[in-house]
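**Student:** Before I ask anything, here is the structure I am working with.
The values are calculated or read from the model by the stated rules, or taken from the named source; none is laboratory data. Bear in mind that the values here come from a model prediction, so they are computed numbers and not experimental data. Every residue, glycine among them, receives a Cβ derived from its backbone with ideal geometry; neighbour counts consider all protein chains shown.
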Amino acid sequence: MSLSDRRQFLALLGVAPLAACGFTPVYGPGGTGSAVQGRVAIAAPDDPLSFSLVARLEDRIGRASGGPYLLSYRIETSESALALAETDDINRINLSGAIAYTVTDTASDMQVQAGEVSTFTAYASSGSPVATAAARRDAQERLMIALADQIVARLLAGADAWA
């Protein structure tokens, strides 16, 4: 058996269990991606972190004004020193974040999904306050993007039960 024939055989062997278990791609026909897209309204942002979060969520699942579901969230962040210089100056700061979220059916006011996601990122603290502030804002943006992506993954995984 030649190498290319062997690769084709192994590829088919890897796909066979997926077909047998009823695997459906999230964004394929009949997948949960289309069930969530544009149907989940997101609670209005009220600070820079929530603006970044909502912008990413809307990029991923679309904007739904008055959709049948409402996504509410609570953001918590914390900072801690990650690296110290020989002079005891902090030169790397860890930014941790967690978001507790709930999806509510707006017609019945019933909670259909809830969860919490968390992750972290870091930024450099330089001698310049302006550069440090810019690095902090960038890290906050990256943190909200990562957390929003985790929320979307959870929504898509659980949407079969409610969407």
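**Student:** Please specify each residue of region 96-111 satisfying the condition of being in a strand (DSSP E or B) and of a type in the set (D, E, K, R).
**Tutor:** Here is the first cut: in region 96-111, the residues in a strand (DSSP E or B) are 96-105, 110-111.
Once the filter is applied, which keeps residues that are in a strand (DSSP E or B) and of a type in the set (D, E, K, R), region 96-111 yields only 105.
**Student:** Let me spell it out: the conditions are (1) in a loop (DSSP other than H, G, I, E, B); (2) in contact with a helix residue (DSSP H, G or I) (Cβ under 8 Å, 6 or more places away or on another chain); (3) not basic (Lys, Arg), and residue 127 meets all of them except one. Which number is the exception?
**Tutor:** (2)
**Student:** With respect to the numbered conditions (1) in a helix (DSSP H, G or I); (2) surrounded by fewer than 19 Cβ atoms within 10 Å (Cβ to Cβ); (3) β-branched (Val, Ile, Thr), which one is the sole condition not fulfilled by residue 151?
**Tutor:** Exception for residue 151: condition (2).
**Student:** Answer with yes or no whether residue 114 is assigned to a strand (DSSP E or B) and out of contact with any Ser or Thr (no Cβ under 7 Å at 6 or more places or on another chain). Full working, then the answer.
**Tutor:** On the way: assigned to a strand (DSSP E or B): yes; out of contact with any Ser or Thr (no Cβ under 7 Å at 6 or more places or on another chain): no.
In short, no.
**Student:** Tell me the helices (runs of 4 or more DSSP H) entirely within region 1-95 that contain at least 3 residues that are exposed (fewer than 15 other Cβ atoms within 10 Å of the Cβ) and at pLDDT below 85. Break it down into steps so the answer makes sense when it comes.
**Tutor:** Details: elements: 3-20, 32-36, 48-61.
Passing ranges, in order: 3-20.
**Student:** Another question, if that's okay. Quick check: is even one residue across region 111-122 out of contact with any strand residue (DSSP E or B) (no Cβ under 6 Å at 6 or more places or on another chain) and surrounded by fewer than 13 Cβ atoms within 10 Å (Cβ to Cβ)?
**Tutor:** Checked against the condition, which is being out of contact with any strand residue (DSSP E or B) (no Cβ under 6 Å at 6 or more places or on another chain) and surrounded by fewer than 13 Cβ atoms within 10 Å (Cβ to Cβ), region 111-122 yields no hits at all.
**Student:** Then there is this: Tell me, which residue of region 96-110 that is surrounded by 19 or more Cβ atoms within 10 Å (Cβ to Cβ) and among the aliphatic types (A, V, I, L, M) is nearest to residue 141 (Cα to Cα)?
**Tutor:** 99
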